[in-house]
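In what follows, a single structure is set out as structure tokens and then discussed.
The values are calculated or read from the model by the stated rules, or taken from the named source; none is laboratory data. Every value quoted in this text rests on a predicted model; they were computed, and no experiment measured them. So basically every Cβ, Gly included, is an ideal-geometry build from the backbone, and we count neighbours across all protein chains shown. Side chains are part of the model used for accessible areas, which takes the heavy atoms of the whole protein and leaves out ligands, DNA and RNA. Shrake-Rupley method; radii C 1.70, N 1.55, O 1.52, S 1.80 Å.
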Amino acid sequence: EKGGYPDFMLKEIYEQPRVVRDTLVGRLAPNGELDIDELGLSFEELNVIDRIYVIACGTSYHAGLIAKNLIESWARIPCEVEAASEFRYRDPIITPSTLVVAVSQSGETADTLAAIRDARIKGAKVFGITNVIGSPVARESDGVIYTKANKEIAVASTKSFIGQIVSLTLLALLLGQAKGRLTTGQVRMLFHELGDTSAQIQRIFDTQLDAIHEAACACQGAQSALFVGRGMGAAISYEGALKLKEVSYLHAEAYAAGEMKHGPIALIEPGFPVIAVTTKSPTYDKVVSNLKECEARGARIIALATEGDEDIKRIADHVIYIPPVRDAFSAITASVPLQLLAREVALMRGCNVDQPRNLAKSVTVE
Ligand code: M6R
């Protein structure tokens, strides 16, 4: 059942190139328009949306953080991302032109479902993004996109996360097109680049395993680790830290790199691991200067950098290279080595990577 892999987590990580491909199959019509009929809303109806909430928990919430960047930049619709457990107990501003996007691998997370019900009563349209056909999230939403991850067995979400990001990216492209912000030509180009991430993930498997192993050795004996990045890199960091603590029980925190000076830099002492997302982006130089401050205090820096970036070696002790990719798609590629890193550290620390203590695959009670 594990297909020759030692654990489900590794098997599922290696399925990710396929998940990207399958989630995109049939989504681009020959006329260059995106085909997401299951959403059940016309271009005109999409065009009136003026506020979006993405609600989810855990890893699915992190997929929402990535989507916010894309939706706001391509469709210019204000988008908030909120933990379903918070959203359901406050009084969010909802009008008939509000869209709520509920993201849930299992499709049965109690807080996410409660938030969907509440949002619909208040008059919002609700789209579900789930991995489980016919699940409560799918049944109770106005429209649904299925992530094509297939059954995910390891408690730690990996392939479903990638499926969620790809699905949310499609939604952001569709909204951008409906709002008249993206041309058909731009959508087609972005769609093809999105598809290219499948081969880029495979390239990470083919070239970066040794680098990931070395980085894991650097983390395994630590008391704590800090993940930092900016923009997409911050969202990637939040998920990287969750994955590490979930499977290896090593305390990890993630911060937007610009926040370091406002507190977390006090943690840095010689040998403290800082895992930084330094892929090429508009804020690359800013992240590097934050890292210099960590380096000056003796941090052990593990950088996720873009292939060809030799300069980063001046401050990083370990570098994991990611194929060049547009910043908008960097979460799809850069998240993968962080999953592998978490798994390796967990194995070095003697943990059961498929079934971490205290956690369940579906959280069906509050
Ligand atoms: O099934 P869901 O996507 O609604 O689950 C949400 C979280 O419980 C889930 O993502 C959790 O954080 C994972 N174990 C993380 O790997």
**Message:** Can you say what percent of the DSSP beta bridges in segment 1-129, counting only those with both residues inside, are antiparallel? Round to 5.
**Reply:** 5 percent
**Message:** Treating only the Cβ of Lys, Arg, Asp and Glu as charged (+1, +1, -1, -1), what charge dipole size does segment 145-224 show about its Cα centre? Round to the nearest 20 debye.
**Reply:** 500 debye
**Request:** For segment 219-366, just list the percent of Cα-Cα distances falling in each 10 Å bin from zero outward, please.
**Result:** 12, 43, 33, 11, 1
**Message:** Regarding segment 7-54, what's the average projected area of the Cα-atom convex hull, expressed in nm²?
**Reply:** 5.4 nm²
**Asked** In Å, what is the Rg of the alpha-carbon atoms in the chain, and how long is Dmax?
**Response** 19.8, 57
**Item:** Highest average packing first - 228-235, 93-100, Cβ atoms within 10 Å
**Value:** 228-235, 93-100
**Between helix 209-220 and the chain: long-axis angle, C-alpha atoms, 0 to 90°, nearest 10** = 70 degrees
**Message:** What's the ranking of 145-154, 43-52 by average number of surrounding C-beta atoms within 10 Å, highest first?
**Reply:** 145-154, 43-52
**Complete:** Per the 1/(1 + (r/R0)^6) rule, R0 = 35 Å and r from the Cβ atoms of GLU45 and HIS192, FRET efficiency to 0.05 is 0.80
**Message:** Give me the 1.4 Å probe accessible area per residue for the chain, excluding ligands and nucleic acids, in Å².
**Reply:** 40 Å²
**Item:** Angle between the chain longest axis and helix 184-207 axis [Cα atoms, degrees, rounded to 10]
**Value:** 30 degrees
**Theoretical gain in end-to-end length, ASP311 to SER73 [0.36 nm per residue, Cα-Cα removed]** = 82.7 nm
**Request:** Would you work out if segment 191-268 is rounded, prolate or oblate? Take a ≥ b ≥ c from the square roots of the eigenvalues of the alpha-carbon gyration tensor; rounded if a/c is under 1.5, else prolate when a/b is larger than b/c, oblate otherwise.
**Result:** oblate
**ARG120-ARG139 pseudo-label distance in nm [points 7 Å out on the Cα-to-Cβ vector]** = 1.0 nm
**Request:** Only Cα pairs under 8 Å and at least 6 apart count here; give the relative contact order of segment 89-184 as a rounded whole percent.
**Result:** 22 percent
**Request:** List the relative contact order of the chain as a percent without decimals, with contacts defined as Cα pairs under 8 Å and 6+ residues apart.
**Result:** 19 percent
**Gyration tensor (alpha-carbon) shape descriptor, segment 317-362, a/c threshold 1.5** = oblate
**Asked** In degrees between 0 and 90, to the nearest 10, how far off the longest principal axis of the chain does helix 232-248 point, with axes built from Cα atoms?
**Response** 70 degrees
**Cross-link pairs beyond the 25 Å C-alpha cut-off, checked among LYS2/LYS280; LYS122/LYS245; LYS148/LYS243; LYS11/LYS245; LYS280/LYS313; LYS68/LYS179** = LYS2/LYS280; LYS122/LYS245
**Complete:** In debye to the nearest 20, the charge dipole size for segment 244-366, taken about the Cα centre with +1 at each Lys and Arg Cβ and -1 at each Asp and Glu Cβ, equals 160 debye
**Message:** Shape verdict for segment 9-93, please, from the Cα gyration tensor: rounded (a/c under 1.5), prolate (a/b greater than b/c) or oblate.
**Reply:** oblate
**Fill in**
Pseudo-spin-label distance TYR249 to ARG297, built 7 Å along Cα→Cβ, given in nm, is 2.8 nm
**Fill in**
If the label point sits 7 Å along Cα→Cβ of VAL25, residues of segment 81-114 with amide N under 15 Å come out as none
**Item:** Additional length obtainable on full extension of the chain from ALA266 to TYR89, 0.36 nm per residue less Cα span
**Value:** 60.3 nm
